[in-house]
Amino acid sequence: MRELGEALAVAGVTVSCPLLPGHGTDPRDLARTTWRDWEAAALAAFDELGADADKRFVCGLSMGADLAIRVATQRETEGLIALSPAVELRTRLGPILPLLSRLMPLREKTSDIKDPMAKARHPSYRQQSLASVRSLMDLIKVLRADIPKLDVPLLVIVSREDHAIHPRGADRLLREAASEDKRLVVLEDSYHVITVDREADRVRREVVAFVRRVGGIESPSP
């Protein structure tokens, strides 16, 4: 998310990008957290950054997009940006996850990034915590009641070739949100981690343009 945050900063937007509990350390740390821990960290970062802000936006990628939805339903926001939102996962493990997460706490994984150079620059955990996947699925269930509450301008960006989430989840998000200002962007040459993949430049342009338009932010002077 760093490059996206830097693009927003250049556009004159103050940005906070918190490292969520269990992230950036070890997959076993992630296994000891739940979506409620991630949400609490997101809300705390939003409150700290936005204390003196007139206009506040919330943005997230994948599970972070789900957290962004949660924040937008609990705090006053100017707009919401959901990147590869995890509204519907591409997995059939749901019914057996409670048992499987006890038998196999961690399993091998890799980043879903199409550009090999970007994939090498942005490694993720080499193992996936199944307990965390189960917690994410619990969060997705909670979102079913949250999405219809959304009434702020909404930008959703997904990739048609995403192997982690199903793009039709984005259709559901757009269809059920009460927002009047809604825009869907579908990418054709990226996988799941669209903020660093082959169309990352377009993602940054779309997000910056959305924040400028909705927030009434003028381009910074050269």
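Only the coordinates and a few stated rules stand behind these numbers; no lab work does. Being a predicted model, the structure only gives us computed values, none of them experimental. Positions of Cβ are backbone-derived with ideal geometry, glycine not excepted, and every protein chain shown enters the neighbour counts.
Some notes on this structure:
- Share antiparallel - DSSP beta bridges, the chain, percent rounded to 5: 20 percent
- Amide hydrogen neighbours beyond the local backbone of residue 182, cut-off 5 Å, H modeled: 154
- The angle separating the long axis of helix 200-215 from the principal Cα axis of greatest extent in the chain is about 50 degrees.
- Helix 63-74 axis, angle to the chain major axis (alpha carbon atoms, nearest 10°): 60 degrees
- Evaluated with a Cβ-only charge set (Lys, Arg +1; Asp, Glu -1), segment 2-215 carries a dipole of roughly 660 debye about its Cα centre, given to the nearest 20.
- Residue by residue, segment 110-124 carries 3J(HN,Hα) couplings of 8, 6, 8, 10, 6, 6, x, 5, 5, 5, 5, 7, 10, x, 10 Hz when phi is fed to the Karplus relation 6.51 cos²θ - 1.76 cosθ + 1.60 (θ = phi - 60°); x denotes Gly or Pro.
- The aspartates and glutamates within cross-link reach of residue 119, meaning a Cα-to-Cα straight distance under 17 Å and a gap of 8 or more places when in the same chain, are 3, 108, 161, 162, 189, 197, 199, 201.
- Segments 71-80, 36-45 sorted - mean Cβ within 10 Å per residue, highest first: 71-80, 36-45
- Derived scalar couplings between HN and Hα for segment 133-150 equal 4, 4, 5, 4, 5, 5, 5, 4, 5, 5, 5, 4, 8, 7, 4, x, 7, 5 Hz in order, rounded to whole Hz, by the Karplus curve 6.51 cos²θ - 1.76 cosθ + 1.60 (θ = phi - 60°), x for Gly and Pro.
- The Cα-based radius of gyration of segment 142-216, divided by its Kirkwood radius, gives an Rg/Rh of 0.98.
- Spread of Cα-to-Cα distances over 10 Å intervals beginning at zero, given as percent, for segment 2-215: 8, 35, 40, 16, 2
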